[in-house]
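Input: a single structure, listed below in C-alpha cells.
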Amino acid sequence: MLGRYARGMVASHGEDRMPRFRGPSDLHLHSDHSDGTEPPARVMAAAHAAGLHTVALTDHDTTAGWSEAAEAAGSLGMTLLPGMELSARHEWRSIHVLAYLLDPDRAGIRALTDRIRRSRLTRAQTMAERIGHDYDLTWDDILAHTADGATVGRPHLADALVARGYVRDRSEAFAGILHPSSDYYVDLYAPDPVTAVAAIVDAGGVPIIAHPAGRGGLLPQRLLDRMLEAGLGGFELGHRENGEPALGVLRELCARRDLIVTGSSDYHGLGKPNQPGEFTTADDMVARIIASATGSAPVFP
Ligand code: AMP
Ligand code: FE
Ligand code: FE
Ligand code: ZN
C-alpha cells in the first residue's frame, strides 16, 4: 500500500498544486525569531548569496518570521516554504520535528507552540536566576540578546555569557554552564514526538525529523514506528550533525518505506558555523513536500 507521502500519491494530486520551484533547496534555516542571530530578511539574503533558489524558514516553535521572510525571499527571486522546528522530547532525549507548510493557527499545533514558548520563557528565567548566583548575569542581559517576542532558548543565555566574557562562544557555553548535566540546567516542556507529529499532520503540514542521527544515535525502532503511524513524512538525512551507524539504518528505512529525505544547513547566522546550502534537498523531495501539504502554500517569487 502506498503511504501518505509516497511518490504515486503525489503524482495523483491536482496539477494546480504541482510545484514550480527550482533548486538548489535548503529547508532548515533559523532567524532571530528563535535562536538565529539575523532577522529573516538577512537570512534570506545569506541564502541567496549562497546560490539557493528555494528555502524554508524553520524557527523553533514559532512562525512569526514567515511574512518578513516571504517578502525578502520574493524580492530575491527565491521560493519560500514556510516552516517551523517543533521541540519534542522522548524520555531524556530532545527531538526536533521540522514542520513544512502547516497552518500554525490550527488549535492543536497552536496549543503546543503556545505551551512550549511559555515554558521556554520561565525556564530561561529560572536558568538565568541560577546562573546569577555564581556569575554576574541578570535577566536584562538575556533580554539584550533576544529579539522582541523571539522563542527564547539556551542560545540566548549563551550569547549573554559570551558578552560578559565568561565563555568564548555558544559552543563553550553549551559544553559547560548550559549543559543538561549542569546544576543551572532546567528542562523545558516539550511534547512527546508522536504528539508533535500528529499535531503537524492535523495542521496540514509535513513532519520531518531534524538531524535524526545526531549525538543521541538511532531513535528506538518502536518510536520510529509510532511516529510513522502518526504520519511522519521522513528524515533530514543531510545534516552536519548526523553520523554513522544511525545514518545508514535510517537511509535504509527511508529507501524501504519510500519516505521523504531532506538535506539542510540548519543555519543560525553567527550562532553556529553551519552555512546556507552546505546540505541541500533534491528537487523530487521538495516536490513531494509541496504536493502533500495542505496547511499553507509555498510563496513563489
Ligand atoms: P534549548 O532548546 O533552549 O534547550 O537549546 C537548544 C538549541 O541550542 C538548539 O536549537 C540548537 O540550535 C542550539 N545549540 C545546541 N548546541 C549548540 C552549540 N554547541 N552551539 C550553538 N548552538 C547550539
Ligand atoms: Fe537552534
Ligand atoms: Fe534542531
Ligand atoms: Zn534547527
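Coordinate-derived values only; no laboratory data. This is a predicted model, so every value here is computed, not measured. Every residue, glycine as well, gets a Cβ built from its backbone with ideal geometry; the counts of neighbours run over all protein chains shown.
Quick notes
- Residues in the stretch 199-240 reached by a label modelled at R257 [backbone nitrogen below 11 Å; 7 Å Cα→Cβ]: 209, 221-235
- For the stretch 38-108, the share of alpha carbon pairs falling in successive 5 Å distance bins from zero is 3, 18, 24, 21, 15, 10, 6, 2, 0 percent.
- Length gained when the stretch E91-D225 is fully extended (0.36 nm per residue, less Cα-Cα span): 46.6 nm
- In a fully extended conformation the segment linking D136 and Y189 would gain 16.4 nm over its present Cα-Cα distance, using 0.36 nm per residue.
- Listed residues L57, L250, L143, most fluctuating in the chain (Gaussian network, C-alpha, under 10 Å): L143
- Under the simplified labelling scheme, the D284-D114 pair shows an inter-label distance of 4.2 nm, with each label point 7 Å from Cα along Cα→Cβ.
- Rounded to 0.05, the FRET efficiency of the L143 and F300 pair, given R0 = 51 Å and the Cβ-Cβ distance, is 0.85.
- Per-peptide packing, taken as the mean over residues of other Cβ atoms within 10 Å, places 41-54, 194-207 in the sequence 194-207, 41-54 from highest down.
- At 1.002 mPa s and 20 °C, Stokes diffusion of the chain via Kirkwood alpha-carbon radius, µm² per second: 111 µm²/s
- Highest mobility in the GNM of the chain, judged by mean-square fluctuation with C-alpha springs under 10 Å and restricted to D134, D169, D284, is found for D134.
- Packing rank of 240-247, 72-79, where each peptide gets the mean count of other beta carbons within 10 Å, highest leading: 72-79, 240-247
- Cα-projected label distance for T122 with S171, points at 7 Å along beta-carbon direction, nm: 3.5 nm
- Approximate spin-label separation L218-A107, in nm, with each point projected 7 Å along Cα-to-Cβ: 4.0 nm
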